[in-house]
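Notes follow once the structure below has been shown.
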Amino acid sequence: MRSLTDSMRRLAEALADWRVPTWLLGVVVALLGWRLTFALPGPGLDPSWWAGLYMATHEGMQFGTDIVFTYGPLGFLGLPWLWYGGLASVAFIYLAAVYLAFACALVWTFRARLGAPFACLISVLIIAGVPGINFSIALAALWAFAVLTKQPPRHSLTLMITAGAVFAAIEALGKLSSAPVIFLVLLIALIGARASRKQVAAFLGIYAFSVGALWLIAGQKLSHLPDFAINSLPIVSGYSEAMASYTSSRLTAAVMVAVVVLTLVWARFGEYPGRRARYASLAVALIVAMAMYKQGVVRSDTAHVAIFFGMLTVLWAGIPTTRRLTPGLLVGVAILGAIAIHKYPPPGVDVIGNVKTAKRELNTLVSPSLRDQAVENGRSTLKNLYALEPEILEAMEGRSVSVDPWEIAVAWAYELDWSPLPVFQNYSAYTAGLDQLNSDALESPEGPDTVLKQNTTFSPFDGRYPTWDPPAQALATLCNFFPAATTLGWQVLSRVPDRCAEPVSIDTVEGSFNEAVEVPAPKGDEVVFVRINGAEVHGLEKLRSLLYKPKARYASISDGRIYRLVPATAADGLILRAGRKVAGAGGPFTPIPQTDTLELGGTDGDLEFEFFSMKISPPAPAGR
């Protein structure tokens, strides 16, 4: 091992005098590993929330009130989708700047230990071949490690105080789940690099000023900034309880924990100018590694697990170790990168193809006609895929439309008067507060005139029952809307005067998980719903949810079907049965499962089922 180390050291020293500016090498590496492309409009859950994000920005909607989401008014910068050519161009330019900065930082990281040629080679392999790298977080981590070394790049600390603060502010109005990681990483690096109090204060001041300025530039009102924080943060904090998937084994989580521990050990033996820098480096490694672990363990599919290993590859590389530990650096990077590739195989490293892709995408950037053509092609393609029937389009003509549950791209394709509920893809309304925001919007006369529903009966999101996702919104829809046009795949609900009487409590049953309870029978003109207390995550399970994820909750109904249940909204009122005289209660779009029994499973504990009946009148005519 020692002879190998000595050989590597001599080779690195021989290549160290290769005098080419690091920034130029970074540009070359970025082109050879080019991964940034314009995204084309498409159908489905993920493209549709991107469509909603772009439409909200394009229409000047207020984030925190009109729109409540994980992303803020600069969230569109996260991916250059060609829903609108101008916004896509701005996103492309921003991401290209972040991507180029990351490439330069990666080359600098390897160059001091391996020499320029090897640094470029390994950087290209990582950028072009390792999946799952979040370039914004990766850039922040590499930047932080750079200022914590014994010989940081010139002006790196000054740039972190100024450009770094602006960068963190942009990300704060972008994606709320990753923005705190970037901010903390940069702040901890400043403290670890012994920045003065004035320098730290300057960083915080520039950050705060930039957040406010960018918020106004994005067309937002300052008075809505608190709403943005208060209403959007529950989507981030409630993610673990509502969005956890259970497709991977606990062994995968155990391996991920082991990798986090090994990364911290690796950071402990880095080369630093002092104890403060060492502790700061450990803190940076811990924050980034745990953020990636949480993302990978909650949505435990192959893509999210690959994100964890891809980001840990960058983290392992960025930790400032000595030259004698170069073999460990290479082994760690190779193993972590190989696992990420195994989990989510990329198309391969094709440097010539990457350069051609860069040229093509840059041509699109500078050509409005190419972008406009792509937008129109996307609109035409989606219209052919959705194929809304004439009666569906006629029922929405001249009226504002909300889309339920998530296919927002249909509103963009047909250029509908989109009037979204605050949580515009309602599977994200997984707390009682978020559910209430949507139900309030439906009950308000200023809410949408119509609701366009897609038939998702046979493909519910994460195995959830569509009407219970979320429950209060479903009750508000039942009371204030009525079918105006229905086809096999789509239904238009039109606003009508509220047709629901006040709910009446009819029975309370003490029960437990894994115990079926009888659902009271409704009268002919009534619906019965239940508010379940005790299904929420509480006690020690909160700690489990923080460090891992909670146990899944399931609801079984009398016909044998089993659905995932969102714990935090089970007390909002799950519709269960309807009488024969309730208009609009049947058909393929029915919001009512018509179950005689209800059983919750997945964990244990006591439950309280409070059943309510609610009289539903026939819909009164409503003017268009």
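The values are calculated or read from the model by the stated rules, or taken from the named source; none is laboratory data. Because the structure is predicted, anything quoted here is derived from the model rather than measured. All Cβ positions, even for glycine, are placed from backbone atoms using ideal geometry, and neighbour counts span all protein chains on display.
Based on what the data block shows, is Arg379 in a helix (DSSP H, G or I), surrounded by fewer than 19 Cβ atoms within 10 Å (Cβ to Cβ), assigned by TED's automatic domain parsing to the domain that holds Gln62 and not hydroxyl-bearing (Ser, Thr, Tyr)? Lay out the reasoning, then the answer.
Working: in a helix (DSSP H, G or I): yes; surrounded by fewer than 19 Cβ atoms within 10 Å (Cβ to Cβ): yes; assigned by TED's automatic domain parsing to the domain that holds Gln62: no; not hydroxyl-bearing (Ser, Thr, Tyr): yes.
No, not satisfied.
Applying the set (1) out of contact with any helix residue (DSSP H, G or I) (no Cβ under 6 Å at 6 or more places or on another chain); (2) at pLDDT 95 or above; (3) buried (at least 21 other Cβ atoms within 10 Å of the Cβ) to Tyr279 leaves exactly one unmet item: (3).
Quick grid of which residues meet (1) in the same structural domain as Ile137 (by TED's automatic domain parsing); (2) in a helix (DSSP H, G or I); (3) more than 30 Å from Lys150 (Cα to Cα); (4) more than 19 Å from the chain's Cα centre (by Cα):
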| residue | (1), (2), (3), (4) |
| --- | --- |
| Leu187 | yes, yes, no, yes |
| Ile191 | yes, yes, no, yes |
| Ala195 | yes, no, no, yes |
| Gln199 | yes, yes, no, yes |
| Gly212 | yes, yes, yes, yes |
| Ile230 | yes, yes, yes, no |
| Leu233 | yes, yes, yes, no |
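Looking across segment 457-488, the residues that are farther than 15 Å from Gly586 by Cα and free of Cβ contacts under 8 Å to residues at least 60 places away in the same chain come down to Phe458, Ser459, Gln473, Ala476, Asn480.
Between Arg495, Arg499, Arg553, which is free of Cβ contacts under 8 Å to residues at least 60 places away in the same chain and either touching a helix residue (DSSP H, G or I) at 6+ places or on another chain (Cβ under 8 Å) or surrounded by 16 or more Cβ atoms within 10 Å (Cβ to Cβ) (or both)? Let's see the steps before the verdict.
On the way: Arg495 fails: free of Cβ contacts under 8 Å to residues at least 60 places away in the same chain; Arg499 fails: free of Cβ contacts under 8 Å to residues at least 60 places away in the same chain.
Checking each option against the conditions leaves just Arg553.
Could we say that Ser156 is at negative phi, surrounded by 17 or more Cβ atoms within 10 Å (Cβ to Cβ), touching a residue at least 12 places away in the same chain (Cβ under 8 Å) and over 20 Å from the mean Cα position of the chain (by Cα) here?
Numbers: at negative phi: yes; surrounded by 17 or more Cβ atoms within 10 Å (Cβ to Cβ): yes; touching a residue at least 12 places away in the same chain (Cβ under 8 Å): yes; over 20 Å from the mean Cα position of the chain (by Cα): yes.
For Ser156, the condition - at negative phi, surrounded by 17 or more Cβ atoms within 10 Å (Cβ to Cβ), touching a residue at least 12 places away in the same chain (Cβ under 8 Å) and over 20 Å from the mean Cα position of the chain (by Cα) - is met.
Condition check for Leu388 on (1) touching a Phe, Trp or Tyr at 6+ places or on another chain (Cβ under 8 Å); (2) in a helix (DSSP H, G or I); (3) modelled with pLDDT of 95 or more; (4) not small (Gly, Ala, Ser): one failure, at (2).
Check segment 129-136 and report whether any residue there is under 19 Å from Ala201 (Cβ atoms) and either over 20 Å from the mean Cα position of the chain (by Cα) or assigned to a helix (DSSP H, G or I) (or both). The answer is no, given that none of the residues of segment 129-136 is under 19 Å from Ala201 (Cβ atoms) and either over 20 Å from the mean Cα position of the chain (by Cα) or assigned to a helix (DSSP H, G or I) (or both).
Is it the case that segment 415-424 has a residue that's buried (at least 22 other Cβ atoms within 10 Å of the Cβ), under 30 Å from Ala555 (Cα atoms) and without any contact (Cβ under 8 Å) to a residue 60 or more places away in the chain? Yes.
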